[in-house]
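Please read the structure below before turning to the comments.
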Amino acid sequence: MRNFIKNGFLIGILAISLSACTTTKPIVDHLNLQDQQKLTVPNAEATSKPELSFENKKELLAEKIRLADFSIRAISDPKFVNALLSDDISLKEEKQCVFNNIDREAFYDLSSSMIEELVAKNPEHIDLYLGKLDLLISIADTFYSSPNAIEFDEKDLSASPALSLLTKKEASVFKEMIVDERYKDLLVSVGQPVKEDGSIFDSASMKFFLLGVFVGDSENKCKLAR
């Protein structure tokens, strides 16, 4: 799991992004966790065939982004949700109440809005994104299953401990994507690091904050908020 970073700057960024996204009506229905696990993802070559329409590419992009976004999996993972609970929530019944009352439909709808915003902002990059999302899905799986924190060096990307979990080929392509401005919005949308003002910014912290908001809302529903 990633480190949970609380930072006013990040909260500000997230607030701006959420404000933008909530003005866009989702056009792609969310997939639940079981749908994601059953989803067969076509290879990159298939996504670039001329007969695939722009609308079909958008749908495929949305499906793959959901698989590459660790927060979609995390919100239905009891262990992950428990890690975000307030410190004074310890009883099994309390934890179960919070887990059961998370508004996942709203979370998925917000995810769809963000994907819609990504496509609207970067229509010229859809093929580029589709060509790299299988890699991002694989990386997300590797990071999610790691028992240790996923850490990136802000000043020296190559020295990042997280990259040691990947194959040399994966790490090489991933590093190229992180410093490539064209992939910035895509990487932010799935909670992966990007280069910002000469430093490496791990946008997973924004995903953690968003997850924390939904978990906190559920604590309120269970009348557990202190």
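Taken together, the values in this text are just the output of simple stated rules run on the coordinates, not laboratory data. Predicted model only: the values in this text are computed from it and were never measured. Here the Cβ positions follow ideal geometry from the backbone for every residue, glycine too, while neighbour counts run over all protein chains shown.
Some points to look at:
- Pair E196, E176: separation of 7 Å Cα→Cβ label points (nm): 2.5
- Kirkwood-Stokes translational diffusion coefficient of the stretch 79-168, alpha-carbon pairs, 4 °C, 1.567 mPa s, µm²/s: 77
- Mean Cβ count within 10 Å, highest first, over the residues of peptides 176-187, 160-171: 176-187, 160-171
- When each of K95/K184; K57/K95; K95/K195; K57/K184; K58/K79 is checked by Cα-Cα distance, pairs over 28 Å: K95/K184; K57/K95; K95/K195; K58/K79
- Fully extended contour minus Cα-Cα distance, from E124 to N148, at 0.36 nm per residue: 5.0 nm
- Inter-site label distance for E93 and N220 at 7 Å from Cα along Cβ, in nm: 2.4
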